[in-house]
1. Shielding by partners for A:48-61, please: the mean number of other protein chain Cβ atoms within 10 Å of each residue's Cβ.
2. When you look at the Cβ of every residue in A:72-85, what mean number of other chain Cβ atoms sits within 10 Å?
3. Need one value for B:25-34: mean number of C-beta atoms belonging to other chains within 10 Å of its residues' C-beta atoms.
4. Please give the total accessible area that chains A and B bury against each other, computed with a 1.4 Å probe and expressed in Å² to the nearest 100.
5. Show me the three semi-axes of the equivalent ellipsoid for chain A, from the C-alpha gyration tensor (sqrt of 5 times each eigenvalue), largest first, rounded to whole Å.
6. Work out which residues of the range A:10-27 lose at minimum 10 square angstrom of accessible surface when the other protein chains are put back, relative to the chain isolated, with a 1.4 angstrom probe, and list them by number.
7. In a GNM of chain A with a 10 Å cut-off on Cα contacts, which of A:VAL47, A:VAL81, A:VAL92 has the highest mean-square fluctuation?
8. Please list 3J(HN,Hα) in residue order for the range B:67-78, calculated via the Karplus relation 6.51 cos²θ - 1.76 cosθ + 1.60 where θ = phi - 60°; whole Hz, with x for glycine and proline.
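The values are calculated or read from the model by the stated rules, or taken from the named source; none is laboratory data. Keep in mind that what you see is a predicted model, and the values were worked out from it rather than measured. All Cβ positions, even for glycine, are placed from backbone atoms using ideal geometry, and neighbour counts span all protein chains on display. We work out accessible area using only protein heavy atoms, side chains counted, and drop any ligands, DNA or RNA first. Shrake-Rupley method; radii C 1.70, N 1.55, O 1.52, S 1.80 Å.
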Amino acid sequence: MSNIVDPHSALDALGDPTRRQIVERLRHGPLPVGALAAALPVGRPAVSKHLRVLADAGLVRHTAVGTRHLYSLAPAGPDAVRAWLAAQWGGVLEAFADHVEHTEHRSQP
Amino acid sequence: MSVDPSLAPVECEVLVPCPPARAYRLFVDDLGTWWPLGTHSVFGAEGAVAVTDGRLVETGPDGATAVWGTITEAVEPEVLEFTWHPGAEPDTATLVRVTFAAAGPGGTRVRLVHTGWQARPDGAAARAGYDRGWPGVLDALAAAA
């Protein structure tokens, strides 16, 4: 499995309320699909499907401990999204710097 | 291996060629001029944004408004801090802190730190606005943190 996460895929995956709830529940530690389904208003097959989408997006990973299948958050997911967000703020600050340079240049005698 | 799913602060900075006092005023007073609305807004390039009554308020072309956040600390010309929840309800707000520090002759280092990802309560996920690009993304990110 690749450790490189496409932030757009991750953000798309988080665009669904059920998937966000799954991610929020996994913050507290790994869980089997049954425990996730028990806490959500959707059935186990639907949770499995959402977990697949989250795994494909690099946000969730799957481990087998004996006969137990556990799902947990993949650390690379939030990192990719954070890097994406930093780039967005970078764009905002660059726009501000451009404005300052333009304004200061214009006000020179 | 343990996984820490919490999101570290997002940090970035830029150098601008004027003193902190001037940079601070330009940041606040000219917000509507320099902010890249086309790519970073709720309503898009046709909207407008300004600091009004201690809040960052965007107005869309049809007159609709969106409050991006509320100023929580303003120590001119050093610190401007505001809550951040564009396209979402205030109870999902994160926090943005912008500091202005003198750097070199007549320059200012503008540093932005975005924190507060843990503050978002569970159960507030069923809201509109996740498909509006950047602001919705912040919201989704807060949910993921």
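1. 0
2. Other-chain Cβ atoms within 10 Å of each residue's Cβ, averaged: 4.
3. The mean count of partner-chain Cβ atoms within 10 Å per residue comes to 3.
4. Between A and B, the summed buried area is about 3500 Å².
5. Semi-axes (√(5λ), whole Å): 42, 14, 10.
6. A:LEU11, A:LEU14, A:GLY15, A:PRO17, A:ARG20, A:GLN21, A:VAL23, A:GLU24, A:ARG27
7. Between A:VAL47, A:VAL81, A:VAL92, it is A:VAL92 that shows the largest mean-square fluctuation.
8. So the Karplus estimates, Gly and Pro as x, are 7, 7, x, 10, 5, 9, 8, 9, 10, 5, x, 9 Hz.
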